[in-house]
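Peer 1: Structure in structure tokens, see below.
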Amino acid sequence: MSVIFVLIFFSVLVAAGFLIAFIWSVKSGQYNDRYTPSVRMLFEDSSEEELNKKLYNKKETSV
Amino acid sequence: MPDKELNLKSKISQKCFHCGMECNGKIESNDKYFCCNGCKNAYETLENKNLCNYYKLEQHPGNIPKQYNFNKFRFLENKEIASKLCSYEDENTATLTLYIPSIHCTSCIWLLENLQKINPGVLLSRLNFNEKKLFVKINKHFISTKQLFELLYSLGYEPVIEKSEENKTSSETKKLYYKIGIAGFCFGNIMLLSFPEYLSSSGLENIYKEFFGYLNILFAIPLLYCASGYFISSYKGLKNKNINIDVPIALGISIVFLRSLYEILSGTGAGYYDSFSGLILFLLVGKLLQTKTYDSLNFERNYKSYFPLAVTLIEGGREKIIPLEKLKKGDRITVKNNEIIPADSILFKGNANIDYSFVTGESIPAEKVLGEIIYAGGKQLGSSIELEVIRDVSQSYLTQLWNNEAFNKTEKSKLSNFADFIGKNFTIGVFAIVFLTALYWFPINFDRGLSAIIAVLIVACPCAFAISIPFAFGNSMKIFGRNKFYIKNINVIERLADIDKIVFDKTGTITCSNESEVKFIGRELSLEEKYLVNSLSKNSTHPYSRIISNSLPCSLSSKEEYNSDQYKEYTGKGIAGIINCKLIKLGSEEFVYNSLVRSDLPDFVSSLELEISDLIDETEGYEHLQKHKNSNVFLSINTEILGYFEIKNKYKNHLPEVIDELKTNYSLAVLSGDNNAEKQNLKTLFGHEPDILFNQSAQNKLNYIKEMQSKDIKCLMIGDGLNDAGALKQSNVGISVVDNINSFSPSCDGILESEKLQKLPAILSFAKKNLTILKMAFTFSLLYNAAGMYFAISGQLSPLVAAILMPVSSISVVLFATLSTNFFAKKYKLI
């Protein structure tokens, strides 16, 4: 049954890892703005022309 | 093609492609229609740079640009001021964080983060949507701070310069996140280690028991850091000889910790660390709800953020821009259209037409003659004027008001907190029970008595109650926010529930500040006559003329026809002009009646060479139009007097219903900085009971609130301008009513969007219900405490009982608080 000591040691280690990750995320400012990044990730990096091309292509294929 | 589709749409709805306002289709570019040139310019800028994605993300995302006035940012030419705005600056680059209130949608984010495509001088731009702040990094060789401001301005995103940039709140919330993270970690582990104890019927093997116990102690120590806020707050309270709600909580927490420590180390029990950790986690989550902040709103503004950052100094005949702080007595300055007078000064040159509405509440701009004193805070309307400063900025009339003691009062003193009241009596009650328990047990069994006393102290911790406050009030705060009523913190709700009297400011609060009701009394005017009057009144700078002009239709088709180049304005009397061979006069009664000097008018009118001034004898003194109690403007065309325009304040929609509703529960008062022209209207609106006072200065208003408070009447002040600032601060609750929540509002406890004024009765009733809910939650938690107390006094509080009782009580009270606030919000139609 002494394996429990080992198991507990590892479970605490893993949990501590997550705690550190959480603290790091707060520290690095991930909780400062909880809205904008969710929008930002939806923007395409492509320029207007490429976007238009894509839109045309879509139109054409759908027609 | 997608573009064509969009065009079609905008053609049908005739909405501005940029901002979505109704437009007449006159201004167009690329087959797209715009309401104004501002929108068109913004569109063309984006079109040129291939940034029309802006219009694809959201329909009509643009802001309605204000009148283009690039001179606005001229003060940024001053290096000192420009560099003050930068958070970092070196030879090549500079970084700025700009506050842009007009940010409102996804398109805004997209455009502002793509600024580098418009101007390559921008190296990086990042937006924080919630705080409405844009972080920009620029290359100074390509774009100056001023150019950056102008670029944003031309796109409809005007940066607003905030003078006191304090970011205290964000570091506080950060700390709270840390604490919650740590508490969650400890709570999870402690629960994991405590479960075997609950489940095993025969008790754990000793070796595990000890090991788990020591680990629990290890996990409990960081929790003391998480709970440090309660220790600090109760220490502060005790130092001020004030027992607040945190005292019994801190007492309970420390007793649980020490008792458990003793039990584990001595091997007598398993300790209460499971309930201890759960309790702290709950308290912290409650705190997080309570700290809901409106980051983009500022409740603590003072006169300084109203004043300009820089002034235009005239030195040796040349204009020079200097920072406001450098302005000295005796300096000669120039103030342009729509600029604010920075210091008390004397009018030196030009036509001063000062709008003091924000300072005194007087809604009609005041005309000043050369040599008159112009007080700081007024806004010049019309052409530029030259002033000589006679008092330093810090000594102006407005600043003096700010130095009033009301502004230096500490926030805490006006709190009569229900929770703190409970905390006090609760603690006394607990100690009484402890005393009685000791009295009962000590003669029988000392050891058992001691553990019973400790158990009582553990159970007595009013944590369920302490948690219910942030949950109930935090939820209400969110509900208020949804109704465009933003409050500074949750304490405001409690004070709001306690109000006896509501004091209104008039101008801008219960009246619409930029709208007036204009009624023509007399013969009905034909369309042509309306055009004529409009063309004439357009030329006048007098506020009444502008109001009349705005209320009349202007002839779109044939503008030239109604052009009046022949007009003359008589200061304080009226305006006369010849349009389409007709002599039109607009002004005070005397002006219109008496100056029809010559009976053979039509002849004169036909001979247009004649100077109009000949028609009117200027030597006759007429009463100043503004001094007229009734704001009537008379009209004559040729020799016929057609009647007069009656100009009245326009009250906000639904105001009568709101007043009627409030009348039944509260006593009301109106303090107006204006003249008493509206007395009769207000009387019919408010009934005869309330105090209706006119010509109230800012100091008067403040004194009125003070007087009421000395009679122990708790006042809710509802105002909007700087002249209410003192009263807002002094009152038990000060709410400032604004048209746009991001516009300037004096320091206050809450900001209410003016269109939501009709919700005021519901808001007040809801706040009252909140207090009832809190009292009920308190009763609930008291019952739980009583149940726990039974176990404790009889000396049988096992860790398991505590571990069940504490979370159950907390969760049920939280559920009750949240659900009942939602129920009442629905009842009052707030959600």
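Bear in mind that the values in this text are calculations on the coordinates, not laboratory data. Bear in mind the structure is a predicted one, so any value in this text is a computation, not a measurement. Neighbour counts are summed over all protein chains in view; Cβ atoms, including those assigned to glycine, are modelled from backbone coordinates with ideal geometry.
Peer 1: Between B:V369 and B:T639, 0.36 nm times their residue separation minus their Cα-Cα distance comes to what?
Peer 2: 94.0 nm
Peer 1: Under a crude label model (7 Å from the Cα following the beta-carbon direction), how far is B:N822 from B:K484 in nanometres?
Peer 2: With each label point 7 Å from Cα toward Cβ, the separation is 2.6 nm.
Peer 1: To continue, here is another question. By average Cβ neighbour count within 10 Å, what is the ranking of B:758-766, B:583-591 from highest down?
Peer 2: In decreasing order of mean packing, B:758-766, B:583-591 become B:583-591, B:758-766.
Peer 1: Hey, another quick one. Check B:L583: other-chain or 5+ apart residues with amide H under 5 Å from its amide H, H built from backbone geometry?
Peer 2: B:N638
Peer 1: Send over the semi-axes of region B:707-831's equivalent ellipsoid, whole angstrom and largest first, taken as the square roots of 5 times the C-alpha gyration tensor eigenvalues.
Peer 2: Calculated on Cα positions only, the semi-axes equal 42, 18, 13 Å.
Peer 1: Can I ask one more? Compute the FRET efficiency between B:R74 and B:R523 as 1/(1 + (r/R0)^6), taking r as their Cβ-Cβ distance and R0 = 45 Å, and round to the nearest 0.05.
Peer 2: Efficiency, rounded to the nearest 0.05: 0.35.
Peer 1: Separate question: With 25 Å as the limit, write out which pairs from B:K15/B:K133; B:K336/B:K530; B:K585/B:K648; B:K501/B:K769; B:K648/B:K711; B:K368/B:K568 have Cα-Cα distances beyond it, or answer none.
Peer 2: As for pairs spanning more than 25 Å Cα to Cα, those are B:K15/B:K133; B:K336/B:K530; B:K648/B:K711.
Peer 1: Which number comes out as Rg/Rh for region B:176-334 once both Rg and the Kirkwood Rh are worked out on C-alpha atoms?
Peer 2: Reported Rg/Rh, Kirkwood definition of Rh: 1.39.
Peer 1: Then there is this: Amide H neighbours of B:A376 under 5 Å, counting only residues 5+ apart in sequence or on other chains, H built in-plane at 1.01 Å?
Peer 2: B:D344, B:S345, B:Y397, B:L398
Peer 1: Starting from 0.36 nm per residue, how many nanometres of slack lie between B:E707 and B:D31 once their C-alpha separation is accounted for?
Peer 2: Full extension of this stretch gives 237.0 nm more.
Peer 1: Continuing with this model, one more query. What's the magnitude of the charge dipole for region B:28-166 around its Cα centre, counting Lys and Arg as +1 and Asp and Glu as -1 at the beta-carbon? Answer in Debye, nearest 20.
Peer 2: Roughly 100 debye for region B:28-166.
Peer 1: Partner chain Cβ atoms within 10 Å, averaged over the residues of A:27-39 - can you pull that number for me?
Peer 2: 5
Peer 1: How large is the dipole of region B:676-792 about the Cα centre if only Lys and Arg carry +1 and Asp and Glu carry -1, each at its Cβ, rounded to the nearest 20 debye?
Peer 2: That gives a dipole near 380 debye.
Peer 1: Putting +1 on Lys and Arg Cβ atoms and -1 on Asp and Glu Cβ atoms, find which of B:A94, B:A82, B:N130 reaches farthest to the positive end of the dipole of region B:68-144.
Peer 2: Positive-most Cα among the choices belongs to B:N130.
Peer 1: Of the options B:N244, B:Y230, B:I207, report the single residue whose Cα projects farthest towards the positive end of the charge dipole of region B:197-250 (beta-carbon charges: Lys, Arg +1; Asp, Glu -1).
Peer 2: B:N244
Peer 1: Taking the Cα centre of region B:448-523 as the origin and placing charges on Cβ (Lys, Arg +1; Asp, Glu -1), which of B:A472, B:I453, B:N483 is farthest toward the positive end of the dipole?
Peer 2: B:N483
Peer 1: Just tell me how shielded A:11-24 is by partners: mean number of partner chain Cβ atoms within 10 Å of each residue's Cβ, no decimals.
Peer 2: Across the residues of A:11-24, the mean count of other-chain Cβ atoms within 10 Å is 3.
Peer 1: Let me ask something else. Distance in nm between label sites at B:L288 and B:H104, each 7 Å beyond Cα in the beta-carbon direction?
Peer 2: Computed distance between label sites B:L288 and B:H104 equals 3.2 nm.
Peer 1: I need the calculated FRET efficiency for the pair B:S233 and B:A787, taking r as the beta carbon distance and R₀ as 30 Å, to the nearest 0.05.
Peer 2: Once rounded, the FRET efficiency stands at 0.60.
Peer 1: Work out how much length B:M21 to B:K329 would gain on full extension: take 0.36 nm times their residue separation and subtract the Cα-Cα distance, in nm to one decimal.
Peer 2: Length gained, B:M21 through B:K329: 106.3 nm.
Peer 1: For region B:215-226, in order, what is each residue's ³J(HN,Hα) by Karplus, 6.51 cos²θ - 1.76 cosθ + 1.60 with θ = phi - 60°, in whole Hz (x at glycine and Pro)?
Peer 2: Those phi angles translate into 4, 4, 4, 4, 6, 7, 4, x, 5, 5, 5, 4 Hz.
Peer 1: Can you compute the FRET efficiency between B:L815 and B:I444 using 1/(1 + (r/R0)^6), with r the Cβ-Cβ distance and R0 = 51 Å? Round to the nearest 0.05.
Peer 2: Calculated value: 0.80.
Peer 1: Could I have the simple spin-label model distance between B:K174 and B:N425, label points 7 Å from Cα toward Cβ, reported in nm to one decimal?
Peer 2: Rounded to a tenth, the inter-label distance reads 4.2 nm.
Peer 1: Which of rounded, prolate, oblate describes region B:83-123, given a ≥ b ≥ c as roots of the alpha-carbon gyration tensor eigenvalues and a/c under 1.5 marking rounded, otherwise prolate only if a/b is larger than b/c?
Peer 2: oblate
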